Structure formats: C-alpha cells, structure tokens
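Below you'll find the structure, written out as structure tokens, and then a few comments.
The values are calculated or read from the model by the stated rules, or taken from the named source; none is laboratory data. Here the structure is a predicted model, which is why all the values come from computation and not from measurement. Cβ sites come from the backbone with ideal geometry, for glycine too, and all protein chains shown count toward neighbours. Accessible surface areas use protein heavy atoms only, side chains included; no ligands, DNA or RNA. Shrake-Rupley method; radii C 1.70, N 1.55, O 1.52, S 1.80 Å.
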Amino acid sequence: MMGEHTVKAFDEDITRLRGLIAEMGGLAEVAIAEALDAMVRGDVELGDRVVARDKKIDALETEVDKLSVRIIALRAPMADDLREVIAALKIAGVVERIGDYSKNIAKRVGMIEGRDRFEPLTLLPAMGELTSEMVHDVLTAYAARDPDLAREVIATDAKVDAFYNSIFRNLVSHMVENPATISSAAQLLFVARNLERIGDHATNVAEMVHFAATGNYPPEEER
C-alpha cells in the first residue's frame, strides 16, 4: 500500500508521463500535416524541417522510457496503475513510429516530377487529413481515458484502408497510361503506404487506450 506522499509523487509522475505523450502526439500530428503540405507544394525546405524535427519526437520517447522505468522501479505500481505505465510506454513507441513515417514522406518531397499536372497527388491530402485526425482523436482518447472514442478511431481505420486501395488503383492505372511518370507514381505509392501504416499505428494505440481504460481490448470484430 502506497503512503500519502508516495501516492502524490506517483500522481505527479503519471501527469508528467501523460504530458510527454501529449507533446509527442502534437509533434507527430504537425509532422503528418507538414510532410503532406511539403509534398503537394514541392517545398523541399519544409520537408527538411519535418525531418530535422523528428529528433525531438525521438528524444521525448527516450524520456518516456526513462520515466516509466523509474516509476516501475521506485513506485512499484499495482494493477490499474501498472497498466497505465505499460500503456504509456507502448504508446510512446508507436507515436515515435508515426513520426518516422511522416519523416519518410518528407524525405520524398524532391522526388516528384511534373507536380503541376500530376493528378494522383491531389488524392493524398484527404487521406493525410483522415490519418492525422485518427492520431489527434486517439491522443484525446488517451488523455480523457475514453474507450468509446478509442473504438471510433478503430472504426475509422477502414476508411483509411479504402483510401489507400483507391489511391493504389489510381496510381497503377496512371503508370500504365503514362509510363514516363512511373518513378514519381512509385514515390506517391510509398507515401500512401506510409499514411496507411500511420492509420494502423493509431489503431494500435486506440486498442491500448481501451485496455488502459477498461482492462479489456475491444471485441475482435471491431479490430
């Protein structure tokens, strides 16, 4: 049983942990939006800034790791509290991967040719907005301990997958009709795939949020 002082210290540690994850999530959201903006406009400088800022997300993940280990070692949390710390540790790892996918998109900004007449490029921002919303909502669900919102995020992933399939078909037919655009289209396929992976990762976080809030994972049919 934790004494009053220990409980207060534990609560402060948990608040700090949540704050770090919120900060990571905010940076990851911005990275998705800016990477796509840079891609659509061909803004290589903005793409470079997205790549450079990814180091900040990595540094925050390291901080979450250290704090989580310290909480487990010093506070010996039980049951719900331990679940909370383990969820934070896992979520930080997933958000760091989301940052990496955004960085991967940003690195490809200078690789698209004939941008002004490359119609498939116009499909990506809407897909990006949807994945960015998933990341935003899942972090809101995490902060609010909201399993219902977490389940909504899981349901949204089907829309992201539908977007990906549609973009994939569009790009393949574009390559067939315009063989000269194959290398640019291949880059965009890579971008769409990265966005689809961000959606998958947001879904993973939603499952962890649901688990941290309720002690159960969402029903299999919803995943």
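Below is a table of values for the structure above.
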quantity: Per residue, in Å², the accessible surface of the chain once ligands and nucleic acids are set aside, probe 1.4 Å; calculated: 49 Å²
quantity: Whole-Hz ³J(HN,Hα) from phi, Karplus 6.51 cos²θ - 1.76 cosθ + 1.60, for the range 19-26, glycine and proline x; calculated: x, 4, 5, 4, 5, 4, x, x
quantity: Computed helical MRE - 222 nm, the chain, DSSP H runs ≥ 4 contributing -39500 (n - 2.57), nearest 500; calculated: -29500 deg cm²/dmol
quantity: About the Cα centre, charge dipole magnitude for the chain (Lys/Arg +1, Asp/Glu -1 at Cβ), debye; calculated: 540 debye
quantity: Listed candidates [x] 70, 39, 20; [y] 63, 38, 33; [z] 46, 36, 36 - label of the one calculated as Cα extents along the principal axes in Å; calculated: [x]
quantity: For residue 133, net neighbour charge (Lys/Arg +1, Asp/Glu -1) across residues whose Cβ lies under 11 Å away; calculated: -3
quantity: Spin-label model distance (nm) - residue 79 vs residue 172, 7 Å beyond Cα toward Cβ; calculated: 5.2 nm
